[in-house]
1. Could we say that Val191 is in contact with a Gly (Cβ under 7 Å, 6 or more places away or on another chain), within 13 Å of the ligand (Cβ to nearest atom) and modelled with pLDDT of 95 or more here?
2. Could you check the range 27-45 and list, in sequence order, the residues that are without any contact (Cβ under 8 Å) to a residue 40 or more places away in the chain and of a type in the set (Val, Ile, Thr)?
3. Check Ser274, Ser247, Ser288 and return the single one that is part of a strand (DSSP E or B) and polar (S, T, N, Q).
4. Could you give me the residue pairs with C-beta distances under 7 Å whose first residue belongs to the range 205-226 and is without any contact (Cβ under 8 Å) to a residue 60 or more places away in the chain, whose second residue is polar (S, T, N, Q) wherever it lies, and which are 6+ apart or on separate chains?
5. Could you check how many residues of the range 210-262 are within 28 Å of Ala369 (Cβ to Cβ) and of a type outside the set (Val, Ile, Thr)?
6. Condition first: closer than 26 Å to Arg412 by Cβ and over 18 Å from the mean Cα position of the chain (by Cα). Now tell me which residues in the range 351-382 satisfy that.
7. Being assigned to a helix (DSSP H, G or I), within 16 Å of the ligand (Cβ to nearest atom) and not aliphatic (A, V, I, L, M) is the filter; apply it to the range 80-129 and report the residue that is farthest from the chain's Cα centre (by Cα).
Amino acid sequence: VSLAALARDPSYGTPTYVYDLSAMAVEARELTAAFDTAPHLVAYAVKANSAGPVLRALFAEGCGADVVSGAELALALVAGIPPERVVFSGVAKTNQELDQAIATGPRGIGAIQVESVEEIGRVEARASAAGRVARVAVRVNPGLGLDALDTHAHIATGHDEAKFGVAKGDVATAVGLVNAGAHTELVGFSVHVGSQFKDTGAYLDAARALFAMVATLRAEEAKGLVFVDTGGGFGVDYGEGPVARPSEFVRAVRREQRALGLGDLALHVEPGRSLVAAHGVLLARAISSKARASGGGLPPRRWLMIDAGMNDLVRPALYQARHRIVELGARPGPRAAFRVVGPVCESSDDFGSHELADPPPDLVAILDAGAYGYTMASAYNGRPLPAEVFLEGGRVVDVRARGSIAHWVEERAGLTSSRSPSGA
Ligand SMILES: Cc1ncc(COP(=O)(O)O)c(C=O)c1O
């Protein structure tokens, strides 16, 4: 199916996300192959793209799930993932979410990845109340410098000022507490130091720091370990040049793991973006354009206003991220630079400057929008959530309808009671 045909078809329209499930499956397969026969878990970070067809495509390739909320946990289970293949990260898991993780399946989920010493006591109390033993991993914050992390500050998590993980100096206390708990069992250690790493440098630094710590602890306090988890963060090429493949990250980490004598432990990774980003686009329609003539000392400028905005894809506004934008049905002829902007009443609703056909096209695709796109979308400015279309082998196999304006109006006006006060 052609993207232009989808965008023109009134039953899909714009703005619409289109995902290639087959290509996502190939990503998962390539990454899994990098483990050879070694024990491993590719715990897909559900937050990157939580659509059911995407989850099912990745789970069918053997992926597990990394979840960060009770809702994502419930979704992963509904999508068919066995509880023991789920790990749960997050700095502020509620008691309700801990109960859910502890109660699911015969032994609870694979690991509750605790992010503070304080959380361990809460897990112990909830597991005790449930009469179960919770499997716990300690997420370590290795305290790498922000400069060393070499990514946007908003997606760097493994430094001393970040809220994430147990600080290096507190890990021994955390291990002691998990070991002392009658209802907690230490099964692993994890790190996740940031996202969109273009090379293996910072990722390997974090893995090395984790492995060195685990090698020491294992001799005494952490004898029953099952896994080490080096997190997600494999970058994608948003048009700025090639980045290391996820399989290269895994091969490099496995070498370090073996060098430190930890080759018998399962290696977990938590990729989100790298499995899905490049295999999703956001289709949009041009609403109008405007030109500012040169004069008054200002350079001439042209804007193209499209019907997708920061509420549909917030990454440019949130992280100064740049996505390539291409016209659908490109035609030969003159080209010009357009500042492509959305309809939302915010200056940051701006996708940057792009070379497009002149006169401007009526349809465009924003590329590499398969990760942190729809999952971060909102109804800001009364704009309904975009539609989603899922392709397999180039054919439409599933569709999620666009949100409804009428529903938004009714719900905001208080004419419908769509939610219980508890949010359940
Ligand atoms: C704990 C954890 N694991 C994995 C990921 C996935 O990261 P990425 O999409 O960069 O692979 C994230 C993303 O923020 C995360 O917080």
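1. On the way: in contact with a Gly (Cβ under 7 Å, 6 or more places away or on another chain): yes; within 13 Å of the ligand (Cβ to nearest atom): yes; modelled with pLDDT of 95 or more: yes.
Yes, satisfied.
2. Residues of the range 27-45 without any contact (Cβ under 8 Å) to a residue 40 or more places away in the chain: 29, 32, 36-37.
Within the range 27-45, Thr32, Thr37 qualify.
3. On the way: Ser274 fails: part of a strand (DSSP E or B); Ser247 fails: part of a strand (DSSP E or B).
Of the residues listed, the single one that is part of a strand (DSSP E or B) and polar (S, T, N, Q) is Ser288.
4. Within 7 Å, the pairs are Ala207/Thr230; Phe211/Gln257; Glu221/Asn179.
5. Residues flagged as within 28 Å of Ala369 (Cβ to Cβ) and of a type outside the set (Val, Ile, Thr) within the range 210-262 amount to 18.
6. Listed by number, the residues that qualify are Ala379, Tyr380, Asn381, Gly382.
7. Let us first name the residues in the range 80-129 that are assigned to a helix (DSSP H, G or I), namely 83-85, 95-103, 117-129.
This time we only want the ones that are within 16 Å of the ligand (Cβ to nearest atom), so: 85, 97, 101, 119.
Keeping just the survivors that are not aliphatic (A, V, I, L, M) gives 85, 97, 119.
Working: Arg85: 17, Glu97: 20, Glu119: 23 Å.
Result: Glu119.
Condition check ((1) within 12 Å of the ligand (Cβ to nearest atom); (2) among the aromatic types (Phe, Trp, Tyr); (3) over 30 Å from Ala125 (Cβ atoms)) across all residues:
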position	(1), (2), (3)
Glu185	no, no, no
Leu225	no, no, no
Val228	no, no, no
Phe234	yes, yes, yes
Arg251	no, no, yes
Arg258	no, no, yes
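The values are calculated or read from the model by the stated rules, or taken from the named source; none is laboratory data. Predicted model only: the values in this text are computed from it and were never measured. FYI the Cβ positions are ideal-geometry reconstructions off the backbone, even for glycines, and counts take in every protein chain you see.
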